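S.K.: Could you have a look at this structure, given as structure tokens, before my questions?
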Amino acid sequence: MNLIVIGAGAWGTALAIGAARHTAGHQVTLWARNAQQVQEMQAARSNPRYLPDMAFPDGLQVSAAPLAQAVQGMDLVIIATPMSALRSTLQALAAAQVRVPVAWLCKGFEAVAAGHSGVGLMPHEVCAQVAPQLASGALSGPSFAQEVARGQPTLLVAASRHAIVRQALLEAFHTGPLRLYANEDIVGVEVGGAVKNVMAIAAGLCDGLHLGLNARAALLTRGLAEMTRLGVALGAKPETFMGLSGLGDLMLTATGDLSRNRKVGLLLAQGLTLAQAVDSLGHVAEGVYSAHTVVQRAQAVGVEMPIAATVVELLDGHITPQAAVQRLMARDPKHEGL
Ligand SMILES: NC(=O)c1ccc[n+]([C@@H]2O[C@H](COP(=O)([O-])OP(=O)(O)OC[C@H]3O[C@@H](n4cnc5c(N)ncnc54)[C@H](O)[C@@H]3O)[C@@H](O)[C@H]2O)c1
Ligand SMILES: O=P(O)(O)OC[C@H](O)CO
């Protein structure tokens, strides 16, 4: 199989390494828009900027060729950019008349540009707008790039309504320490991937304020309820939220110190501004951008998401970390459940 990974950040690089290392006969190309970054990666046989100290296996090539040229002859295209670049990348693939399966790795909802109305879209909705002819899907689940690059066991979910996409993802990545499950519920998988990042910011805040393990367990339990409520209202199956892209990724991202979203919460608790927290990461923390869209989508379908709404208030600088906790604790009593 010939596969190309578009976007040479931490996650695209790690997955490209994983696919090339463990699958004999695969030709894996890691594509970056920045020619200088490609030169550096070629010289170092690693990605010093985004995933240092992880050596490229022999089967991994790097490229900065024009995208329309780079995708020729590929059997599978993986989009590993942040959510903010998904639309433009899909447009470029449509213009290049790509006919093979395409899957994205980004976890988030599209942000609505300032001054624009309407709700932000899930990744598959963006694709339906700009490249409806593509057979497409998402690869998601609990997966820190560094662990995948090191070859540590990781389970992912290949989500698509197209059997050909699920099959191509399994062929490319179900190998060695990577194990893939298939799922047709693209809505559930994408809602899980987006909302867990918002909850991870809240969990970082909770831990940064030393609120305790009881508080964190409570936060994640109610966060899972919020995620499930929104997903079901948007057409997802409830059981998807008990799976890898729901509970699994929520647990990982909210409690694992490799998470950038969790780190944003920890830094806000220390008194850093959002700009300072984001600048210090050197990588994207999607929850910062998706939080608003998640809450807007919830409001549009009449779903209450108090934790996510409080994260938005905090990110916007309208409340302090301490006030965020007080606000959630002061809510009226209610019956447990969704
Ligand atoms: N890092 C992880 O462990 C991990 C795991 C699973 C999913 N994800 C998701 O994958 C996505 C990417 O995360 P990451 O960790 O690789 O981010 P990152 O910040 O490490 O890197 C992002 C990369 O995207 C590139 N990029 C931005 N716009 C682009 C464009 N228009 N065309 C081509 N490349 C472009 C940047 O140059 C950079 O190399 C995010 O949505 C994230 O939520 C990350
Ligand atoms: O580092 P984060 O917070 O972007 O999370 C990375 C992955 O999504 C975890 O599955």
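S.K.: Normalised by the residues of the chain, what does the relative contact order come to in percent, with Cα pairs under 8 Å and at least six apart?
M.R.: Contact order relative to length: 15 percent.
S.K.: Can you work out the Karplus-derived ³J(HN,Hα) for every residue in the stretch 210-226? Use 6.51 cos²θ - 1.76 cosθ + 1.60 with θ = phi - 60°, whole Hz, and x for glycine or proline.
M.R.: 6, 7, x, 6, 4, 5, 5, 4, 5, 4, 5, 5, 6, x, 5, 5, 5
S.K.: Where both partners of a DSSP beta bridge lie in the chain, what percent of those bridges are antiparallel, to the nearest 5?
M.R.: 15 percent
S.K.: Separation of the stretch 19-74 and the stretch 84-141 by C-alpha centroid, Å?
M.R.: The two parts, judged by their Cα centres, are 22 Å apart.
S.K.: Rule-of-thumb check for the stretch 2-184: C-alpha Rg over 2.2 N^0.38 Å?
M.R.: Rg over 2.2 N^0.38 Å, computed on Cα atoms: 0.98.
S.K.: Going by amide H atoms built from the backbone, whose H comes under 5 Å of the H on LEU30, apart from near neighbours?
M.R.: When sequence neighbours closer than 5 places are left aside, the close amide H contacts are VAL5, GLN61, VAL62, SER63.
S.K.: What is the magnitude of the charge dipole of the chain about its Cα centre, with +1 placed on the Cβ of each Lys and Arg, -1 on the Cβ of each Asp and Glu, and no other charges, expressed in debye to the nearest 20?
M.R.: Roughly 100 debye for the chain.
S.K.: D for the chain, whole µm²/s, Stokes-Einstein with Kirkwood Rh over alpha-carbon pairs at 4 °C and 1.567 mPa s: what number?
M.R.: Numbers: Rh = 20.1 Å.
It diffuses with D of about 64 µm²/s by this estimate.
S.K.: Computed over the Cα atoms, what is the radius of gyration of the stretch 281-338 divided by 2.2 N^0.38 Å, N being its residue count?
M.R.: It is 1.26.
S.K.: Can you divide the C-alpha Rg of the stretch 5-99 by 2.2 N^0.38 Å and report the result to two decimal places? List each step's numbers first, then the result.
M.R.: Numbers: Rg = 12.6 Å, N = 95, 2.2 N^0.38 = 12.4 Å.
Normalised Rg, Cα atoms only: 1.02.
S.K.: Set Lys and Arg Cβ to +1 and Asp and Glu Cβ to -1, take the dipole of the stretch 189-292 about its Cα centre, and tell me which of ALA200, HIS292, PRO238 lies farthest positive.
M.R.: Checking the options against the dipole of the stretch 189-292, the answer is PRO238.
S.K.: Tell me, what is the FRET efficiency for ALA96 and GLN36 to the nearest 0.05, using R0 = 22 angstrom and their Cβ-Cβ distance as r?
M.R.: The formula returns an efficiency of 0.40 here.
S.K.: Kirkwood Rh over alpha-carbon pairs of the stretch 190-330, then Stokes-Einstein at 4 °C and 1.567 mPa s: what D in µm² s⁻¹, rounded to an integer?
M.R.: It diffuses with D of about 89 µm²/s by this estimate.
S.K.: Just round it to a whole percent: the fraction of Cα-Cα distances in the stretch 2-48 exceeding 14 Å.
M.R.: Tail of the P(r) past 14 Å holds 47 percent of the pairs.
S.K.: Using the alpha carbons of the stretch 139-226, what is the convex hull volume per residue in cubic angstrom, as a whole number?
M.R.: Numbers: hull volume 8.9 nm³, N = 88.
Enclosed volume per residue, from the Cα hull, is 101 Å³.
S.K.: Per residue of the stretch 176-185, in order, report the coupling 6.51 cos²θ - 1.76 cosθ + 1.60 (Karplus, θ = phi - 60°) as ³J(HN,Hα) in whole Hz, putting x for Gly and Pro.
M.R.: Whole-Hz 3J(HN,Hα) from phi for the stretch 176-185: x, x, 9, 10, 10, 10, 9, 8, 8, 8.
S.K.: Taking the simple approach of a point 7 Å from Cα along Cα-to-Cβ for both HIS116 and ALA330, what is their distance in nm?
M.R.: 3.6 nm
S.K.: On to the next question. What is the stretch 190-330's relative contact order, in percent, from Cα pairs under 8 angstrom and six or more apart in sequence?
M.R.: Contact order relative to length: 33 percent.
S.K.: When we measure straight from the Cα of LYS263, which lysines land under 19 angstrom away, once same-chain ones fewer than 8 places off are left out?
M.R.: LYS107, LYS196
S.K.: What list of ³J(HN,Hα) couplings, whole Hz, do you get for the stretch 235-250 from phi and the Karplus terms 6.51, -1.76, 1.60, once you set θ to phi - 60° and write x for glycine and proline?
M.R.: x, 7, 8, x, 5, 4, 6, 8, x, 4, 7, x, 4, x, 6, 5
Bear in mind these aren't lab numbers, they're just calculated from the coordinates by the rules spelled out. Treat the numbers as computed from the prediction; the structure is a model and nothing was measured. Reconstructed Cβ throughout: ideal geometry from the backbone, glycine too, with neighbour counts over all protein chains shown.
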